[in-house]
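Below is one structure, written out as structure tokens, with a few remarks after it.
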Amino acid sequence: MCDERRASFFPSSAQSQRAEATVKAMSFELLDQLAREGFEEMVALHDRRSGLRAFLAIHDSGPGRAFGGIRRWSYYDEEAALRDCMRLARAMTYKCALARIPAGGAKMVLLDRPELHVENAYRHLGEVVERLGGRYYAGPDVGTNSAELALVSERTRYVTDPGPDGPGELAESTAAGVVAGIAAALRHLDGGEDWSKRTIVVQGLGEVGSRVALTLRGYGARVLASELDAERAELFAKQAGIERVDPTQELDVPCDVFSPCALGGILHDLSVLRLRCRVVAGAANNVLASPEHGEALHERGVLYVPDYAINSGALMRGSRFHLDGVREPLERIAARVGAVVESILGQSREQGLSPARVAAREAEMLVERRRLER
Ligand code: NAI
């Protein structure tokens, strides 16, 4: 075998030392963290033919099943993917608990990279999901929409059907819940929505953010939005009267509500100081870089509506369809999300604690109670 081929099959000693060090650091910390945070299982997946590299985290399938989407993203490295997978899976458990859905949370993350054969990778994930026999039920997430779900559903029954026989209207459900959560936050602060006097900044005009922006604009609010895709932003600005904000400046706009509907982790030490809104309430998962930032917002007098309390509309719609065969109407979903948000904000005021802390405590208590009942 020539040296060149050997090099691609056998890592250099420096490479293997580095890999060994990574595995040591990750496995030590990982197992500790899984135990600390109550995870059931973490699976690393690899498929040579499709180039698939993925993680599946099952946080809690105790009530009989765990729900969670498949995220495809080009992560900086494996550890970033692993951490994201864990955080998202745990948030799904919290989301189910607060929405009183008899299920726990899980997540799959698929590392996007040039070598990935996307179609075959999703088919492979479908086979993995099928082998779990219903313990994990997969759904959409960033990078996984109808086309990808259709590929997964070629190989498993345990995935959201993106076609006419499925639950439908998932992003609509999330958006309806987000709008209801924003309304609840405004009522909590000022006693009413008063839409025509409000300025709302939406970050991300994707499946959910565009619907949130259009609905609020329809209610008469002034809506500004940032979007990385300039063409898309322009379209909305022209057709719907939504003002554009540069995607680096949305945090600096004085407004009533900042609605993050792009990616997570955007509220950290620096960005929290820039905010000029009274309320943060949006669809994005894991908006806070860490739980302390929920406290930082509270100290600054910004009302933060916890992401997993406000963005559960699609989960409500999908789980109800899966469990009972019912397509829950959007008005009912809005009412359910609104009630969850009102309850969290009410408790926060009564107890003088941040909404982030109240939501986490309530979700943990509900999960623990369910575990004790089993
Ligand atoms: P999407 O991928 O359709 O839309 C995201 C949009 O944000 C894209 O148009 C993208 O260009 C834009 N974007 C990304 N980074 C940005 C930035 N820094 N500034 C401005 N724009 C940016 O995703 P989708 O489905 O609308 O979801 C949005 C968020 O809500 C995600 O975090 C997702 O995990 C979360 N979520 C979505 C649910 C759903 O039903 N689709 C359910 C629950 C949570």
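The values are calculated or read from the model by the stated rules, or taken from the named source; none is laboratory data. None of these values were measured; they are calculated from a predicted model. Counting neighbours? That spans all protein chains shown, and the Cβs are built from the backbone with ideal geometry, glycine included.
When Arg87 is tested against (1) within 22 Å of Val358 (Cβ to Cβ); (2) not in a helix (DSSP H, G or I), just one condition goes unmet, and that condition is (2).
Annotation: of all residues in the range 61-88 being among the hydrophobic types (A, V, I, L, M, F, W, C) and closer than 14 Å to Leu110 by Cβ, the one that is farthest from the ligand (Cβ to nearest atom) is Leu82.
The numbered conditions (1) more than 15 Å from the ligand (Cβ to nearest atom); (2) small (Gly, Ala, Ser); (3) under 21 Å from Leu263 (Cβ atoms) are all true for Ala221 except (3). Condition first: surrounded by 24 or more Cβ atoms within 10 Å (Cβ to Cβ) and either among the polar types (S, T, N, Q) or at positive phi (or both). Now tell me which residues in the range 172-223 satisfy that. Matches in the range 172-223: Ser173, Thr174, Gln203, Gly204. Filtering Gly126, Gly168, Gly163 for residues that are under 16 Å from Gly68 (Cβ atoms) and either in contact with a Cys (Cβ under 9 Å, 6 or more places away or on another chain) or small (Gly, Ala, Ser) (or both) leaves a single hit, Gly126. Residues that are over 15 Å from Leu125 (Cα atoms), in a loop (DSSP other than H, G, I, E, B) and in the same structural domain as Leu345 (by TED's automatic domain parsing): does the range 173-187 have at least one? No, that holds for no residue.
Do we find a residue being away from the ligand (no atom under 11 Å from the Cβ) and basic (Lys, Arg) anywhere in the range 152-169? Within the range 152-169, one or more residues are away from the ligand (no atom under 11 Å from the Cβ) and basic (Lys, Arg). Filter the range 266-292 down to residues that are more than 10 Å from the ligand (Cβ to nearest atom) and farther than 24 Å from Arg198 by Cβ, then give me how many there are. Result for the range 266-292: 7. Look at the range 208-223: where a residue is under 12 Å from Ala171 (Cβ atoms) and not assigned by TED's automatic domain parsing to the domain that holds Arg198, no partner that is within 15 Å of the ligand (Cβ to nearest atom) and of a type in the set (Val, Ile, Thr) sits 6+ places away or on another chain with Cβ atoms under 8 Å. Of the residues in the range 124-133, none is under 15 Å from the mean Cα position of the chain (by Cα) and either more than 30 Å from Gln347 (Cα to Cα) or acidic (Asp, Glu) (or both). Against the condition touching a residue at least 60 places away in the same chain (Cβ under 8 Å), within 19 Å of Phe67 (Cα to Cα) and surrounded by 15 or more Cβ atoms within 10 Å (Cβ to Cβ), how does Val367 come out, does it pass? Spelling it out, Val367 is indeed touching a residue at least 60 places away in the same chain (Cβ under 8 Å), within 19 Å of Phe67 (Cα to Cα) and surrounded by 15 or more Cβ atoms within 10 Å (Cβ to Cβ). Taken as a whole, the structure places Glu250 among residues that are at pLDDT 95 or above, within 18 Å of Leu267 (Cβ to Cβ) and of a type outside the set (A, V, I, L, M).
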